[in-house]
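A.B. asks: What follows is a structure written as structure tokens; I'll ask about it next.
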Amino acid sequence: MVVATPKRIKQIKFGLISPKEYRKMSVTRVITADTYDDDGFPIDMGLMDTKLGVIDPGLRCKTCGGRAGECPGHFGHIELVAPVIHVGFAKLLRKILRAICRECGALLLDPKKKEEYIEQIRILRKMGQSAEDVVSEVFKEARKSGTCQYCGEAQQDIKFEKPSAYIEVDEVDGIKYEHKLMPTDIRTRLEKMSDVDAEVIGMDPNNARPEWMILTVLPVPPVTMRPSITLESGQRSEDDLTHKLVDIIRINQRFQENREAGAPQLIIEDLWELLQYHVTTFIDNAVSGVPPARHRSGRPLKTLSQRLKGKEGRFRGSLSGKRVNFSARTVISPDPNLRIFEVGVPEAIAKELTITMNVTPRNIEEAREYTRRGPENHPGANYVIRADGRRVKVTEINGEELAELVEIGWKVERQLKDGDIVLFNRQPSLHRMSIMAHEIKVLPHKTFRLNPAVCPPYNADFDGDEMNMHVPQNEEARAEAKILMHVKNNILSPRFGGPIIGGIHDHISGLFLLTNSKDKINKNDALELLAKMEIRELPEPVGKENGAPYWTSKQIFSQILPGGLDIEFKAEICEKCDQCKGVDCEHDAYVVIKDGVLEQGTIDEKAVGAFKGIIIDKLTKEFTPDIACKFIDDATRLSIRGIMRKGFSFGIDDEYIPDEAQSQINEVLESASDKVEKLIAAYKAGELEQLPGRTIDETLEMEIMKELSKARDSTGEIAGRHLGMENSAVIMARSGARGSMLNLTQMAACVGQQAVRGERIQRGYAGRTLPHFDKGDLGASAHGFVKSSYKNGLSPTEYFFHAIGGREGLVDTAVRTSQSGYLQRRLVNAMQDLEVQYDGTVRDTRNMIIQFKYGEDGIDPMNSDFSKPEAAKRIIDSVMGKVKE
Amino acid sequence: MKHKEATGREFKPLEHVMVPEHEVLDKNEIDKILAGYNIEKEQLPKIYDSDPAAAAIKAKVGDVIRIIRQSPTAGRAVFYRMVIKSSK
């Protein structure tokens, strides 16, 4: 089937509703502020009139005859005694009033100009563009005119007082006379405005006459959108909108009574203002300059605009996102004994959430068993649904009985049990791996448990993070979740074509310690290390010591590798020598795996880490996701055994460096300070050589920064010489488990320059950063260079500078996350409906081609090798048998 | 708009290094491409007739243009665009 030009919504018409229209759509006029009579029945022509729809069960709508739930509700209306301004249009009204004649209502422009503007607006509208700019020009031009071109009336200034007062200012002999415009006056003027003039100000006179911005009739929303609630005490509690409508009707009545009784102008005006206030807050209860209408308890009322606006409003809160059933949320905690695709679910949650079983001849016995067990006996059932659709709650008492009644065609809502597929999610859901399908494991206690290796895709940690779980409710959804969203099918990230699930922190340290050691491991220890894996046999021992056989650590690691795995790569600890010695690497940084045996090299982040793990990558792509899964499970368990065998800790003593190193560091810092002083002296003497494209001041700053960062680096180097592979922090940094050598340098040697916006710290008092320094001091310590290390502690000034630099980092992250979040949201919104078709093209929902070949090359980035165009090379190598040699 | 006199020194978009190769396709080729993707002409991406490159190869409204572009991912990428009237 080829759809030539798919249909689209052609247009949406927006306009104002005329008073006539309001009356036409109204089913009744509302005149009494009362709601229910003494018997609790709605009063005719009251706010709860049954013509407006029904909410009480048993009653029927007088308009459509529908029962509660069937009747959608119908609008009524209130005839306002005096017109009031609609707040939403107050600003526009001001503009219009200033642009039209106070006598004849004509737009104060020449006829020729009007024609020109109409033409411009029509063209813009035709092209689907906004006519806003033209219209604002019209208002600007029309305002300039002092007298009317048509009737010669002199125009007066109009003052606008928020939120809805318009005052005309007349100047006679330098004395100002102020005169308040009542809504009636304004309406008269607007009524005089011609249809052509309305078009010039960008309105469509058929759909929106200017005078319709002033309300003479107020629509009363149907009761269905403002239902009253009956409290336990039997008392009725009305909706906020109803309360507001009561106010409006009361004031409306009082106004009428007063006017008919011939009350003085002052009182009339007061009442008019009060009516204006109530109508204003009915529409929007957060207008600036208007005190919000409050409930008796002091809580501001939620009126029309509050229902729509903001995060909890109709759009963002009820339409774009809403609450769901069959979901659970709780704190997460780690459990390395779970497999990576499992999730530990608290028993309390497993008992609450259910899966609906359709009873068939094949599962009838199972279904009966669940029913028999009841809701309290864990894998039980909470409800059964009979063939006629009636739901029956399963209880401890009726379980046995009910189980016998269960028949084919019934449904049993059974509790979750081990192996059920659920969706597991952590916000913010920034990529598809933020929601993955897990298999349930029901566990005691109250937290969700997950294997720490799946933290990276969720970006989760255990400092109090909470996660959500959703239970798919039918076979199709479960199958889809299992095939598309299962953890094992999401090991690779489509973002960079490598594994996103893998070892973190201690997993990497552990395997590093294990495989980097030359330990001879006796049988007991070997079995201890491999205890958690399904390994039934140890390989041939390499030799004997004191008569007892021993194994190497590399042999132990090889046990978890599948046979047939061949790879060679450089490990993370590779020192990137100019001439790579390959197999003869003296740091044991060249990894060789042949037929699933680690022949040499050290296992670290590059081998098993999330994001980088080459072994995981290869196992998923060339073996199967199941094998990769098993490997991650085994590797993480082995590593934890490995790290516990040696013990691994870090303390303040690990930051200790010998005195001679400390004095070397001091020397370096000393000489750097001297150099900076020299630079400053040269600058002051005007001898500093200016860098191209920089001012002399910028040059000085750059030179100083360069000198100081050089000094910091060399102190780091000095400290590094005394911190060897026996140091835990070094092991973590080098193996890629956590932290970097820079972190260690800052702890042990020198913290270095603190920067704000990439520059040395300049802010503070006039001419200096802190009162501790001379004015105009350009030296290192006066602009945020921290000589001390974290271990030695910072001086008061250094501490202050450090706080400045640290604060900038915090502010940056806060700002960046919100900005990039919004950027991503817009991008996703724009592209979410695009789809790669079977012919490789990218098309939108109208079947229009967006891209002829996905990504121009048609490559699935998930299956590419770390997004490098070298997939072909790997295939050629494996076909040629190059790796195997 | 006034018609400028040719001076022989006008900017020629097609000769610029960053402008990819454009060509107008004949009827047969168009049919073949549309059949290949199983689409109607309207489903192709669009290009204005006033686009400097389209104007340079004298493409008319309703023509289909082939654009061959150097791509960082694929090396060579082929695109087709249908010429539409620009609104100005």
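A.B. asks: Quick one: if the Förster radius is 56 Å, what FRET efficiency do B:Glu23 and A:Leu538 give, using the C-beta to C-beta distance and rounding to 0.05?
C.D. replies: Calculated transfer efficiency: 0.20.
A.B. asks: Cα extents of region A:397-545 along the three principal axes, largest first, in whole Å?
C.D. replies: 70, 41, 30
A.B. asks: Another one. Can you give me the three principal axis dimensions of region A:679-721 from its C-alpha atoms, in Å, biggest first?
C.D. replies: Extents along the principal axes, in whole Å: 40, 21, 11.
A.B. asks: Determine, for A:Tyr22, A:Tyr177, the number of other Cβ atoms within 10 Å of each Cβ, and report the residues in order from fewest to most.
C.D. replies: Details: A:Tyr22 21, A:Tyr177 10.
Fewest-to-most Cβ neighbours within 10 Å comes out as A:Tyr177, A:Tyr22.
A.B. asks: How big is the protein assembly as shown by Rg and Dmax over its Cα atoms, in Å?
C.D. replies: That works out to 39.0, 122 Å for Rg and Dmax.
A.B. asks: Hey, what's the Cα Rg ratio for region B:11-84 versus the globular rule of thumb, 2.2 N^0.38 Å?
C.D. replies: That works out to 1.10 for region B:11-84.
A.B. asks: Using per-residue counts of other Cβ atoms within 10 Å, averaged over each peptide, order A:24-34, A:687-697 from highest down.
C.D. replies: Listed from highest to lowest mean packing, they are A:24-34, A:687-697.
A.B. asks: Compute the length gained on full extension between A:Tyr150 and A:Val828: take 0.36 nm times their separation in residues and subtract their Cα-Cα distance, giving the result in nm to one decimal.
C.D. replies: Details: separation 678, 0.36 × 678 = 244.08 nm, distance 5.46 nm.
This chain segment gains 238.6 nm when fully extended.
A.B. asks: Let me have the 222 nm mean residue ellipticity of chain A computed from DSSP H runs of 4+ only, each contributing -39500 (n - 2.57), with the sum over all residues rounded to the nearest 500.
C.D. replies: It lands at -11000 deg cm²/dmol.
A.B. asks: Sticking with this one: May I ask what percent, to the nearest 5, of DSSP beta bridges between residues of region B:11-84 are antiparallel?
C.D. replies: 80
A.B. asks: Write out the GluC sites (Glu not before Pro) in region A:229-260 meeting two conditions: DSSP loop, and at most 13 other Cβ atoms within 10 Å of their Cβ.
C.D. replies: Details: sites: A:Glu232, A:Glu238, A:Glu257, A:Glu260; in loops: A:Glu232, A:Glu238.
Here the sparse-neighbourhood loop sites are A:Glu232.
A.B. asks: Compare the peptides A:436-445, B:44-53 by average per-residue count of other Cβ atoms within 10 angstrom and give them in order, highest first.
C.D. replies: Most protected by this proxy first, the peptides run A:436-445, B:44-53.
A.B. asks: Based on the alpha carbon coordinates of region A:625-777, what radius of gyration and maximum Cα-Cα distance (Dmax) apply, in Å?
C.D. replies: 22.1, 72
A.B. asks: Tell me the net charge near A:Lys417. Cut-off is 14 Å between Cβ atoms, A:Lys417 excluded, with +1 for each Lys or Arg and -1 for each Asp or Glu.
C.D. replies: Working: positive: A:Lys351, A:Arg373, A:Arg414, A:Lys441, A:Arg478; negative: A:Glu342, A:Glu347, A:Glu352, A:Glu366, A:Glu369, A:Glu413, A:Asp418, A:Asp420, A:Glu439.
Spelling it out: positives minus negatives among the neighbours equals -4.
A.B. asks: To check you understand DSSP bridge types, tell me what percent of the beta bridges within chain A (both residues inside) are antiparallel, rounded to 5.
C.D. replies: Counting only bridges with both partners in chain A, antiparallel ones make up about 85 percent.
A.B. asks: Over the whole of B:40-50, what's the average partner chain Cβ count within 10 Å per residue? Rounded to a whole number, please.
C.D. replies: Averaged over the peptide's residues, the number is 3.
A.B. asks: If you don't mind, there's one more thing I want to ask. Using only Cα atoms, tell me the angle between helix A:871-880 and the longest principal axis of chain A; keep it within 0 to 90° and round to the nearest 10.
C.D. replies: Approximately 30 degrees, to the nearest ten.
A.B. asks: Using Cα atoms only, what is the angle between the long axis of helix B:27-37 and the major principal axis of chain B, expressed in degrees (0 to 90) to the nearest 10?
C.D. replies: Tilt relative to chain B: about 50 degrees.
A.B. asks: Residues of A:810-822, mean number of Cβ from any other protein chain within 10 Å of their own Cβ, rounded to a whole number?
C.D. replies: Mean shielding count: 0.
A.B. asks: Order by neighbour count: A:Phe255, A:Phe424, B:Phe11, fewest other Cβ atoms within 10 Å first, most last.
C.D. replies: B:Phe11, A:Phe255, A:Phe424
A.B. asks: In addition: Taking Cα atoms, how many degrees apart are the long axis of helix A:111-126 and the longest axis of chain A, rounded to 10 and kept between 0 and 90?
C.D. replies: Once rounded, the angle reads 40 degrees.
A.B. asks: Aspartates and glutamates within cross-link reach of A:Lys176: Cα-Cα under 19 Å, excluding same-chain residues under 8 positions apart?
C.D. replies: The reachable aspartates and glutamates, counting only those whose Cα sits under 19 Å from A:Lys176, are A:Glu153, A:Asp157, A:Glu161, A:Glu168.
A.B. asks: Taking a 28 Å limit on the Cα-Cα distance, which of the listed pairs A:Lys126/A:Lys302; A:Lys393/A:Lys446; A:Lys868/B:Lys46; A:Lys7/A:Lys113 fall beyond it?
C.D. replies: Over 28 Å apart, Cα to Cα: A:Lys126/A:Lys302; A:Lys868/B:Lys46; A:Lys7/A:Lys113.
A.B. asks: Sticking with this structure for a sec: Given the convex hull of the Cα atoms of region A:806-885, what is a quarter of its surface area in nm²?
C.D. replies: 9.5
A.B. asks: Please report A:Asp284, A:Asp388, A:Asp110 as a ranked list, fewest other C-beta atoms within 10 angstrom at the top and most at the bottom. The partial results should precede the final answer.
C.D. replies: Working: A:Asp284 19, A:Asp388 7, A:Asp110 11.
The fewest-first ordering by Cβ neighbours comes to A:Asp388, A:Asp110, A:Asp284.
A.B. asks: Using each residue's phi in region A:611-616, evaluate 6.51 cos²θ - 1.76 cosθ + 1.60 at θ = phi - 60° and report the 3J(HN,Hα) Karplus result to the nearest Hz, with x for Gly and Pro.
C.D. replies: Values, residue by residue: 6, 10, x, 5, 5, 4 Hz.
A.B. asks: At q = 0.10, 0.17 Å⁻¹, what log₁₀ I(q)/I(0) does region A:341-446 have when each alpha carbon counts as one equal point scatterer in the Debye sum?
C.D. replies: -0.32, -0.77
A.B. asks: Can you give the average number of partner chain beta-carbon atoms within 10 Å of each beta-carbon in peptide A:839-849, as a whole number?
C.D. replies: 3
A.B. asks: What trypsin sites (Lys or Arg not before Pro) in region A:134-174 are in a loop by DSSP, with at most 11 other Cβ atoms within 10 Å of the Cβ?
C.D. replies: Listed in order of number, the matching sites amount to none.
FYI, it's all coordinate maths here, none of it is from the lab. These numbers come from a predicted model, not from an experiment. When we count neighbours, we look across all protein chains shown, and the Cβ atoms used for this are built from the backbone with ideal geometry, even at glycine.
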